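Asker: Please find one structure pasted underneath; my questions will follow.
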Amino acid sequence: MQDDFNSLTSKLKLNFKNPQLLKQAFIHRSYLNEIKSEKASNERLEFLGDSILSLVVSHHLYNLRKDDAEGELTNLRAYIVKTKSLAQAAKSLNLGNYLKLSKGEEVSGGRNNPQLLANSYEALLGAIFLDQGLEKVSQVINETLFKIFEKELKAGPPRDAKSNLQEIVQEKMKESPHYKILETKGPDHNKEFVVGVYINGKEMGRGVGSSKQVAEEMAAKEALDKLTK
């Protein structure tokens, strides 16, 4: 079992006391339907890893950016802890290679699915925490995730379309944009959201994305294009 993960554990300088935890971090729930001997997916570890990730990132930002207000710290944390970022960290570790998927997920490209990769990264953090403790999991996050955001950690996140739209609309119209989910498509593990943004009750933009936040950002970009022409 351990031999399958030699490359990963070597890269992260890990020596798991309980190799079963590491194995479980990569078992997608779809795999349980085909391999009856497996009883648990990585979802509980993902739940734990998500909370640990939020704690470690929050603590790091609190110490690093001493002049930032709560809102600024929250925005930067959200910019770092998002599906695209976590998937990027997962790809740097080749986590997709270790995923245990159903044949259907395999055929549909599950090993490269950003959401599944992000989930596996969080599950791995959960497994490392249980086996090695907080100090080690913090080290892994520093070496895999924070390295991607060295520039943003120093300068803060770039202004996003939603923030820009909020500022412009409040200044010009003294109100805030309103976002509404218009449609959701696809299975639970691979949903697509369609979101509209409304100003004075009028739809000014529409966006599509793998999460509500991504769709809102795309809708805000479309609205900005119309308002700034």
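Asker: Among the residues of the range 185-212, write down those that are polar (S, T, N, Q) and open to solvent by 70 Å² or more (accessible area, probe 1.4 Å).
Answerer: N190, N200, S210
Asker: Against the definition (closer than 30 Å to G104 by Cβ, open to solvent by 60 Å² or more (accessible area, probe 1.4 Å) and part of a helix (DSSP H, G or I)), how does Q170 come out, yes or no? Don't jump to the end; show me each part of the working.
Answerer: Values: closer than 30 Å to G104 by Cβ: no; open to solvent by 60 Å² or more (accessible area, probe 1.4 Å): yes; part of a helix (DSSP H, G or I): yes.
Answer is no for this residue.
Asker: May I pose another question? If you scan the range 6-27, which residues turn out to be open to solvent by less than 40 Å² (accessible area, probe 1.4 Å), assigned to a loop (DSSP other than H, G, I, E, B) and closer than 17 Å to A89 by Cβ?
Answerer: Correct list: L12, L14, A25, F26.
Asker: I've got another one for you. Taking only pairs six or more apart or across chains, which ones have beta-carbon atoms under 7 Å, a first residue in the range 106-117 that is under 16 Å from I27 (Cα atoms) and crowded, with 16+ Cβ neighbours inside 10 Å, and a second residue that is at pLDDT 90 or above and among the basic types (K, R)?
Answerer: L117/K91
Asker: Would you please name the residue that is surrounded by the fewest Cβ atoms within 10 Å (Cβ to Cβ), looking only at residues in the range 138-167 that are more than 18 Å from A219 (Cα to Cα) and of a type in the set (G, A, S)? Explain how you work it out, then say what you get.
Answerer: Going residue by residue through the range 138-167, those that are more than 18 Å from A219 (Cα to Cα) are 138-157.
Those left that are additionally of a type in the set (G, A, S): 138, 155-156.
Details: S138: 20, A155: 9, G156: 15.
Among them, the one singled out is A155.
Asker: On to the next question. Can you tell me which residue among E34, E38 is touching a helix residue (DSSP H, G or I) at 6+ places or on another chain (Cβ under 6 Å), over 20 Å from L86 (Cβ atoms) and not aromatic (F, W, Y)? Even if it seems obvious, please write down each step before you answer.
Answerer: Numbers: E34 fails: touching a helix residue (DSSP H, G or I) at 6+ places or on another chain (Cβ under 6 Å).
Answer to the selection: E38.
Asker: As an exercise: evaluate D131 against (1) farther than 20 Å from K11 by Cβ; (2) surrounded by 17 or more Cβ atoms within 10 Å (Cβ to Cβ) and give the number of the one condition it does not meet.
Answerer: (1)
Asker: Test of understanding: among E216, E175, which residue is assigned to a loop (DSSP other than H, G, I, E, B) and either closer than 19 Å to K84 by Cα or of a type in the set (D, E) (or both)? Before you say what the answer is, go through the steps one by one.
Answerer: On the way: E216 fails: assigned to a loop (DSSP other than H, G, I, E, B).
Sole residue among the options that is assigned to a loop (DSSP other than H, G, I, E, B) and either closer than 19 Å to K84 by Cα or of a type in the set (D, E) (or both): E175.
Asker: While we're on this one: Any chance the range 44-54 includes a residue that's among the aromatic types (F, W, Y), in a loop (DSSP other than H, G, I, E, B) and at pLDDT 95 or above? It would help to see each step written out before you state the result.
Answerer: Step one: of the range 44-54, the residues among the aromatic types (F, W, Y) are 47.
Within this subset, residues satisfying the condition of being in a loop (DSSP other than H, G, I, E, B) are none.
Scanning the range 44-54, I find no residue that is among the aromatic types (F, W, Y), in a loop (DSSP other than H, G, I, E, B) and at pLDDT 95 or above, so the answer is no.
Asker: Quick test for you: out of S30, S41, pick the one residue that is open to solvent by less than 60 Å² (accessible area, probe 1.4 Å), modelled with pLDDT of 90 or more, part of a loop (DSSP other than H, G, I, E, B) and closer than 21 Å to K100 by Cα.
Answerer: Numbers: S30 fails: part of a loop (DSSP other than H, G, I, E, B).
Just a single option satisfies the conditions, and that option is S41.
Residues are listed down the side, and each one gets a yes or a no for (1) among the polar types (S, T, N, Q); (2) under 21 Å from the mean Cα position of the chain (by Cα):
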| residue | (1), (2) |
| --- | --- |
| I141 | no, yes |
| L145 | no, yes |
| D160 | no, yes |
| Q166 | yes, no |
| Y198 | no, no |
| K202 | no, no |
| L227 | no, no |
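Asker: Using beta carbons and a limit of 9 Å, which pairs, at least six apart or on different chains, have the first residue in the range 25-52 and free of Cβ contacts under 8 Å to residues at least 40 places away in the same chain and the second one among the aromatic types (F, W, Y) and surrounded by 13 or more Cβ atoms within 10 Å (Cβ to Cβ)?
Answerer: These pairs meet every condition: S41/Y31.
Asker: Also, I was wondering about something else. Tell me which residues, restricted to the range 66-97, are open to solvent by 60 Å² or more (accessible area, probe 1.4 Å), among the polar types (S, T, N, Q) and at pLDDT 90 or above.
Answerer: Q88, N94, N97
Asker: State which residue is nearest to A223 (Cα to Cα) when the search covers only the range 173-183 and only residues that are under 27 Å from the mean Cα position of the chain (by Cα) and open to solvent by 70 Å² or more (accessible area, probe 1.4 Å).
Answerer: So the residue we want is H178.
The values are calculated or read from the model by the stated rules, or taken from the named source; none is laboratory data. Because the structure is predicted, anything quoted here is derived from the model rather than measured. With ideal geometry, Cβ positions are generated from the backbone for all residues, glycine too; neighbour counts draw on all protein chains shown. Surface accessibility is based on the protein's heavy atoms, side chains included, excluding ligands, DNA and RNA. Shrake-Rupley method; radii C 1.70, N 1.55, O 1.52, S 1.80 Å.
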